[in-house]
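Notes for the one structure printed next.
The values are calculated or read from the model by the stated rules, or taken from the named source; none is laboratory data. Bear in mind the structure is a predicted one, so any value in this text is a computation, not a measurement. Glycine gets a Cβ as well: all are built from the backbone with ideal geometry, and neighbour counts include every protein chain shown. Each accessible area value is taken on the protein alone, full model and side chains, heavy atoms only, with ligands, DNA and RNA left out. Shrake-Rupley method; radii C 1.70, N 1.55, O 1.52, S 1.80 Å.
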Amino acid sequence: MQLSLPSRPPAVLRTLSSAQEPMFLRPALLSRSLCTKDFQQLPNEALSAGTEQRCLQILGKTPLLQRVSAGVLVTLCTSHGTPAFLYTLRSSKLKGRHKGDVSFPGGKFDSSDADAIDTALREAQEELGITLPRSTVWGPMKPITDWTGMVIVPVLANIGCLEDLAANPNPEETHRQLSHRMGAHPINATNQRRRDCQWTRGVVHMHEV
C-alpha cells in the first residue's frame with residue numbers, strides 16, 4: 001500500500017512520535033505526528049493520558065480558523081486493546097475522483113457548522129453513523145492547503161474502543177470501515193521516501209510509506 005502526505009507534517013504528529021488530496025488525510029500523516037517522542041514506545045504510549053495531555057497542550061496553540069473549506073477527523077481508537085487508526089473505504093457510488101478512496105471521515109464546511117471541529121464531527125456522524133462529543137477531540141492540527149486552494153483542517157480525536165463504537169456506516173458514502181494498528185513501521189524513517197509532485201499550483205512534496 002502506498003501512503004502519501006505533504007512533506008511538512010504538523011508538530012503534534014511528531015510528538016503522538018508531527019496529511020492529503022482535498023479533504024482526505026493519508027495514513028502516513030499520522031506516522032509523523034503521534035504525540036510520543038520515541039517511536040519505539042508505540043503503540044503502548046500513543047493513547048496514554050500523558051500523550052493526550054501533551055497533544056492538548058500542543059494543539060491548544062493552533063488557531064482555529066473561522067474560514068475553512070473542509071474538516072477531517074483524524075480518528076484515533078483502540079482495536080482489540082491496541083492503539084489504531086479508523087479509516088473509511090469510500091463508496092464507489094460517490095461522484096468525483098475520491099470514490100473508492102481510503103480516507104479519514106471528513107468533508108466540506110457547512111454553514112451550520114460553528115468551526116472545523118463541528119465539520120469533522122458532523123461528517124463522522126454522516127459517514128459512520130457515530131455521534132461523538134467534542135470532549136473526544138484533542139484539538140485542531142495545522143491547516144493544509146491543497147493544490148486546488150482548499151483549506152483543510154485535520155482534527156485529532158480519540159474515539160475510544162472500536163469494539164464498543166457501534167458504528168453504522170452510511171452505504172451511500174462508506175463502503176466499509178477499516179482500522180490500522182499503530183506500530184513502529186510507518187514512523188521509522190527507513191521505511192519512508194520523499195517524492196515531488198508537479199501540480200498546476202506548483203510542486204507538492206510528499207512522503208510515502
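Points to keep in mind about this one:
- Selection within region 72-90 - touching an Asp or Glu at 6+ places or on another chain (Cβ under 9 Å), aliphatic (A, V, I, L, M) and crowded, with 22+ Cβ neighbours inside 10 Å: VAL72, LEU73
- Annotation: LYS142 fulfils all but one of (1) assigned to a loop (DSSP other than H, G, I, E, B); (2) within 28 Å of GLY183 (Cα to Cα); (3) open to solvent by less than 50 Å² (accessible area, probe 1.4 Å); the unmet one is (3).
- A count restricted to region 45-71 and to residues that are closer than 26 Å to ALA166 by Cβ, in contact with a strand residue (DSSP E or B) (Cβ under 8 Å, 6 or more places away or on another chain), open to solvent by 10 Å² or more (accessible area, probe 1.4 Å) and modelled with pLDDT under 90 stands at 1.
- Considering only residues in region 97-119 that are open to solvent by less than 10 Å² (accessible area, probe 1.4 Å) and part of a strand (DSSP E or B), the one that is farthest from LEU162 (Cα to Cα) turns out to be GLY107.
- Any hit, region 151-158, residues being among the polar types (S, T, N, Q) and at pLDDT 90 or above: yes
- Evaluating ILE130 against the criteria (1) of a type outside the set (Lys, Arg); (2) part of a loop (DSSP other than H, G, I, E, B); (3) at positive phi leaves one unmet condition, (3).
- Residue match in region 87-96 (condition: out of contact with any Lys or Arg (no Cβ under 6 Å at 6 or more places or on another chain), more than 19 Å from GLU172 (Cα to Cα), not charged (D, E, K, R) and not in a loop (DSSP other than H, G, I, E, B)): no
- Out of GLU173, GLU126, sole residue that is surrounded by fewer than 20 Cβ atoms within 10 Å (Cβ to Cβ), more than 30 Å from GLU45 (Cα to Cα) and in contact with a Gly (Cβ under 8 Å, 6 or more places away or on another chain): GLU126
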